[in-house]
1. So Ala12 fits all but one of (1) in contact (Cβ under 8 Å) with a residue 40 or more places away in the chain; (2) hydrophobic (A, V, I, L, M, F, W, C); (3) in contact with a Leu (Cβ under 7 Å, 6 or more places away or on another chain); what number is the exception?
2. With respect to the numbered conditions (1) surrounded by fewer than 16 Cβ atoms within 10 Å (Cβ to Cβ); (2) at pLDDT below 85; (3) among the polar types (S, T, N, Q), which one is the sole condition not fulfilled by Gln24?
3. Taking the stretch 100-127 only, how many residues are in contact with a Lys or Arg (Cβ under 9 Å, 6 or more places away or on another chain) and farther than 15 Å from Ala11 by Cα?
4. Cβ-Cβ under 9 Å, sequence separation 6+ or interchain: first residue in the stretch 26-44 and of a type outside the set (Lys, Arg), partner in a helix (DSSP H, G or I) and at pLDDT 70 or above. Which pairs?
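The values are calculated or read from the model by the stated rules, or taken from the named source; none is laboratory data. For clarity, every value in this text was computed on a predicted model and none was experimentally measured. Cβ: placed from backbone, ideal geometry, glycine included. Neighbour counts: every protein chain shown.
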Amino acid sequence: MITDANGLPLAATLTGANRHDVTQLIPLVDGIVPVQGRRGRPIHRPLIVQGDRAYGSKKHKIQLKRRGIKLQAARPGDPHGSGLGKTRWPVERTLSWLHQFKRLRVRYEWRADIHQAFVTLAMACICFRKYSKIALC
């Protein structure tokens, strides 16, 4: 899952439990849809992407740089304590919001498209709750 700085979900993909998160970085960045709201041209991509130590490879830096995105991640081999934990907590909070939906806590569906639909619906409910005072979801 990729979120904005406030923790609102922007895009999510499903993978097997044995796949590493880093393999989904570029598809997630490319999967962000333009958000309209203010006047003018919508923003199509983030300016900065934050990630843990695994995202700091040269391959990912180059691919993000081609898209005009700066990568903020600790380098492999550097000591711990990069300080990214202070700004990463909105992502962890969004994951906990997703787990409030019982159907997403444990995957019951056999088909990935059905589970992806539930994830997308939950993301829409999270955004709706954030911007609305009516709690329908």
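1. Condition not satisfied by Ala12: (3).
2. All conditions pass for Gln24, except number (1).
3. 1
4. Going by the 9 Å Cβ cut-off, the qualifying pairs are Ile26/His60; Ile26/Gln63; Ile26/Leu64; Val29/Gln63; Val29/Leu64.
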